[in-house]
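Engineer: The structure follows.
The values are calculated or read from the model by the stated rules, or taken from the named source; none is laboratory data. Bear in mind the structure is a predicted one, so any value in this text is a computation, not a measurement. So basically every Cβ, Gly included, is an ideal-geometry build from the backbone, and we count neighbours across all protein chains shown. Quick note on the areas: whole protein, heavy atoms, side chains included, nothing else; ligands and nucleic acids left out. Shrake-Rupley method; radii C 1.70, N 1.55, O 1.52, S 1.80 Å.
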Amino acid sequence: MVEALVAAGIAVGSGGMVYALAAARVVKQYERGVVLRLGRLKDSVRGPGLTMIVPFVDRLRKVNMQIVTMPVPAQDGITRDNVTVRVDAVIYFKVIDPADAVIQVEDYQFAVSQMAQTSLRSIIGKSDLDDLLSNREKLNQGLELMIDSPAIGWGVQIDRVEIKDVSLPETMKRSMARQAEADRERRARVINADAELQASKKLAEAAGVMSEQPAALQLRLLQTVVAVAAEKNSTLVLPFPVELLRFLERAQPAQAEPVKSAEPVEAPAPPPAAPSAEPAAAEIPPAQAPAEIVGEDGEIDSPKNL
């Protein structure tokens, strides 16, 4: 009798142990348990720790409550300004209602992935290339709203969406590089011209100050000599004032005119020893002078005609 009771107790204990092992479930800290009893959802969601279910009657679904990082495959699209691009993104989301994540959608991760791909393709078609390259924050917010609207009904909250990379065709990259180079060259020329303008104004002001004080030009010349002599070289360059050259140019015509007027005075006289072939006017007798003078028509001119 006692042995039968002991055997029955051992059997009941073994059965209870097996039942406890079959009914015990462990839910981790970052998980929540959704119980379906005979296919029907239980109202209470099991928290982390050890929980018990009815074996062969209840079914426990564990839902991860952590933030999930999901890469969105690259999508090819044409922007609003007719440029072919390839864009990929990354999405961060988490489950806020475990019951809806199990009941409302078959696989919430797959559903979020497909919704992100379609939304990314739609946002590409509505945006310009410049917006995709420089205004990503606004596009990220629009993409987040497009995905978050249907995801709320699945018990999923979209935490953040980021456009990760924008791939452009090689021809477009070369065109953008040429455009950027031309823009930088234009800005460099504008800055250089502005600097020249400012420098010319300052030089004009300095010239006005130096014109009032002639000694300032000599001081500037000495400063230039000191600056050149500071270098360790064997050649010293001395600037020649332009004003001195202008003074010499103005003085040269004034010196040339007296020299030309003095040339007849300084002409050498003929040597006295050389006989003169022509008779002097004083040697002609007064009586014969009128007879020897003949006009152009062969007639002798009288002193009165002369």
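Engineer: Which whole-number value in Å² is the accessible area per residue of region 148-214, probe 1.4 Å?
Structural biologist: Values: 5090 Å² over 67 residues.
For region 148-214, the solvent-accessible area averages 76 Å² per residue.
Engineer: Something else now. With charges only on Cβ, +1 for K and R and -1 for D and E, what is the dipole size of region 14-98 about its Cα centre, in debye, rounded to 20?
Structural biologist: Working: 13 positive and 7 negative charges, 89 e Å.
It comes to approximately 420 debye.
Engineer: Ok, one more. Could you report region 1-121's accessible area per residue, 1.4 Å probe, as an integer in Å²?
Structural biologist: Numbers: 7510 Å² over 121 residues.
Averaged over the residues of region 1-121, the accessible area is 62 Å².
Engineer: From the phi angles alone, apply the Karplus equation (6.51, -1.76, 1.60; θ = phi - 60°) to region 79-90 and give each ³J(HN,Hα) in whole Hz, x where the residue is Gly or Pro.
Structural biologist: For region 79-90, the Karplus curve yields 6, 5, 9, 6, 10, 7, 9, 10, 10, 10, 8, 9 Hz.
Engineer: When a/c reaches 1.5 or more, the comparison of a/b and b/c decides; with that in mind, is region 178-233 rounded, prolate or oblate per its Cα gyration tensor? Working shown, then result.
Structural biologist: On the way: a/c = 9.21, a/b = 1.85, b/c = 4.97.
It is oblate, given that a/c is not under 1.5 and a/b is not larger than b/c.
Engineer: Taking the Cα centre of region 114-209 as the origin and placing charges on Cβ (Lys, Arg +1; Asp, Glu -1), which of Gly125, Ile147, Val161 is farthest toward the positive end of the dipole?
Structural biologist: Gly125
Engineer: Using modelled amide H (1.01 Å from N, peptide plane; none on Pro or chain starts), what sits under 5 Å from the amide H of Ser127, excluding residues fewer than 5 places away?
Structural biologist: Amide H to amide H, under 5 Å and 5 or more residues apart or across chains, Ser127 pairs with Arg80.
Engineer: Sticking with this one: Please turn the phi angles of region 205-213 into ³J(HN,Hα) values with the Karplus equation 6.51 cos²θ - 1.76 cosθ + 1.60 (θ = phi - 60°), one per residue in order, whole Hz, x for glycine and proline.
Structural biologist: 5, 5, 5, x, 5, 5, 5, 6, 10
Engineer: Carbon and sulfur together cover what percent of the accessible area of region 50-120 at a 1.4 Å probe radius? Write down the numbers at each step before the final one.
Structural biologist: Values: 1940 of 3810 Å².
Reported share for carbon and sulfur atoms: 51 percent.
Engineer: Shape of region 146-209 from its Cα gyration tensor (a ≥ b ≥ c, root eigenvalues): rounded if a/c is under 1.5, otherwise prolate when a/b > b/c, or oblate?
Structural biologist: Cα axes put region 146-209 in the oblate bin.
Engineer: Probe 1.4 Å, all protein chains in place: accessible area of Tyr30 in Å², nearest 10?
Structural biologist: That residue has around 90 Å² of solvent-accessible surface.
Engineer: Continuing with this model, one more query. Starting from the Cα of Thr224, step 7 Å along the direction of its Cβ; do the same at Glu170; then give the gap between the two resulting points in nm.
Structural biologist: Using points 7 Å along Cα→Cβ, the separation is 5.6 nm.
Engineer: Given Cα positions, please report Rg to Rh for region 49-184, the hydrodynamic radius being the Kirkwood one. Intermediate results must be reported in sequence, preceding the final value.
Structural biologist: On the way: Rg = 19.8 Å, Rh = 17.0 Å.
My calculation of the ratio gives 1.17.
Engineer: Shifting gears a bit: Which of the listed residues, Val18, Ile67, Met52, is farthest toward the dipole's positive end in region 11-70, when Lys, Arg count +1 and Asp, Glu count -1 at the beta-carbon?
Structural biologist: Ile67
Engineer: Need the C-alpha centroid separation for region 59-92 versus region 146-182, integer Å.
Structural biologist: 10
Engineer: Related question: Set the Förster distance to 30 Å, then compute FRET efficiency between Asp88 and Leu60 from the Cβ-Cβ distance, nearest 0.05. Show your work: numbers first, answer last.
Structural biologist: Values: r = 36 Å, r/R0 = 1.21.
Efficiency at R0 = 30 Å is approximately 0.25.
Engineer: Show me 18-24, 66-72, 7-13, 161-167 ranked by packing, highest mean number of other Cβ atoms within 10 Å first. Walk me through the intermediate numbers first.
Structural biologist: Numbers: 18-24: 12.0, 66-72: 14.1, 7-13: 10.0, 161-167: 16.0.
Going from most to least packed, we get 161-167, 66-72, 18-24, 7-13.
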